[in-house]
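> To start, I am sharing the structure in question, which I have written as structure tokens.
The values are calculated or read from the model by the stated rules, or taken from the named source; none is laboratory data. This one's a predicted model, so the numbers in the text were calculated from it and none came from an experiment. In this analysis, Cβ positions are derived from the backbone assuming ideal geometry, glycine residues included, and neighbour counts consider all displayed protein chains.
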Amino acid sequence: MGESITLKHQQISAVIALRQKHLREWREAEHALDELGQAFPGWSLKECYLKATALNALYATNVFAINRMAVYIAKIMSTDDIAITSLDLSQGLTLLKTIAALPASNGGPAPRNHRSFASKFCHFFVDGKLFPMYDSYARKALRFHLGKRATKGIEQYDGFVASVQTLKDQAGLSCSWRELDYYLWLAGMYLTWKQDCNAKKNKKKTKRWRDDEFVRLFKKHPPELKAVLPLIPDTTL
């Protein structure tokens with residue numbers, strides 16, 4: 001899609017209401033992480049184990065070496081030059097990229113880049129006002145609204161942040177990163193689900209969707225969902 005599709009204030013309000021009414025598991029997972037961060041604000045190894053494992057389980061960030069990740073984060077946060085309470089955007093990006101680049105077990109280069117995990121970890125446990133949450137669904141929703149050309153470089157976290165800011169500025173939104181993430185996550189997931197359902201020749205794509213509260217919501221398609229996603233077709237995308 002080449003043209004920009006402006007996100008409306010009403011869509012953010014609608015997704016907040018929809019989430020409150022229909023998506024209890026999503027709400028409770030978020031509340032659990034918020035409360036965990038409040039209960040364990042420090043960066044001891046125990047606290048990093050708790051935060052990393054809880055986030056990885058609740059948000060399915062697919063960090064398989066989660067124990068090693070927790071040890072790695074505890075080491076990063078113990079350095080003298082980390083001032084968590086006064087990070088600016090440049091420092092925040094550096095921290096996130098460092099966490100995402102978990103070295104191999106032998107100390108070699110990182111075999112994967114854990115941007116999704118790192119963005120969510122920093123959002124919940126470092127500074128929610130500084131770090132928007134990065135994942136494939138959010139990127140898909142951004143491309144839907146801004147177009148592929150305007151989202152070039154979105155695979156990198158700094159490019160992703162720039163695209164999220166562009167979407168927010170174009171719409172004149174005053175919402176938080178968290179509230180904007182509600183929309184990006186749900187819209188991106190719905191776009192992906194519809195595409196998979198329409199790919200009738202590829203049964204593997206439809207089978208990968210487990211019967212969770214999101215799929216039940218999409219199948220039911222209540223009026224509130226249409227208010228959140230008025231520009232996304234119900235049939236072929």
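> Name the residue, out of 39, 17, 32, that is over 22 Å from residue 187 (Cα atoms), of a type in the set (A, V, I, L, M, F, W, C) and surrounded by 12 or more Cβ atoms within 10 Å (Cβ to Cβ).
Working: 39 fails: surrounded by 12 or more Cβ atoms within 10 Å (Cβ to Cβ); 17 fails: over 22 Å from residue 187 (Cα atoms).
The unique qualifying residue is 32.
> Another question, then. Out of curiosity, is residue 187 farther than 24 Å from residue 97 by Cα, of a type outside the set (Phe, Trp, Tyr), out of contact with any strand residue (DSSP E or B) (no Cβ under 7 Å at 6 or more places or on another chain) and in contact (Cβ under 8 Å) with a residue 40 or more places away in the chain?
Taking the combined requirement at face value, the residue satisfies it.
> Looking at the structure I just gave you, is residue 2 within 21 Å of residue 123 (Cβ to Cβ), out of contact with any helix residue (DSSP H, G or I) (no Cβ under 7 Å at 6 or more places or on another chain) and either at pLDDT below 95 or not assigned by TED's automatic domain parsing to the domain that holds residue 190 (or both)? Please lay out each step first, then the result.
Numbers: within 21 Å of residue 123 (Cβ to Cβ): no; out of contact with any helix residue (DSSP H, G or I) (no Cβ under 7 Å at 6 or more places or on another chain): yes; either at pLDDT below 95 or not assigned by TED's automatic domain parsing to the domain that holds residue 190 (or both): yes.
The answer is no for residue 2.
> Quickly run through the stretch 153-181 and pick out the residues that are in contact with a helix residue (DSSP H, G or I) (Cβ under 9 Å, 6 or more places away or on another chain) and among the hydroxyl-bearing types (Ser, Thr, Tyr).
Those that are in contact with a helix residue (DSSP H, G or I) (Cβ under 9 Å, 6 or more places away or on another chain) and among the hydroxyl-bearing types (Ser, Thr, Tyr): 157, 163, 166, 174.
> Would you confirm whether any residue within the stretch 145-152 is in contact (Cβ under 8 Å) with a residue 24 or more places away in the chain, over 21 Å from the mean Cα position of the chain (by Cα) and outside any helix (DSSP H, G or I)? Spell out the reasoning first.
Going residue by residue through the stretch 145-152, those that are in contact (Cβ under 8 Å) with a residue 24 or more places away in the chain are 145-150.
Subset that is over 21 Å from the mean Cα position of the chain (by Cα): 149.
Still in the list and also outside any helix (DSSP H, G or I): 149.
Yes, the stretch 145-152 has at least one match.
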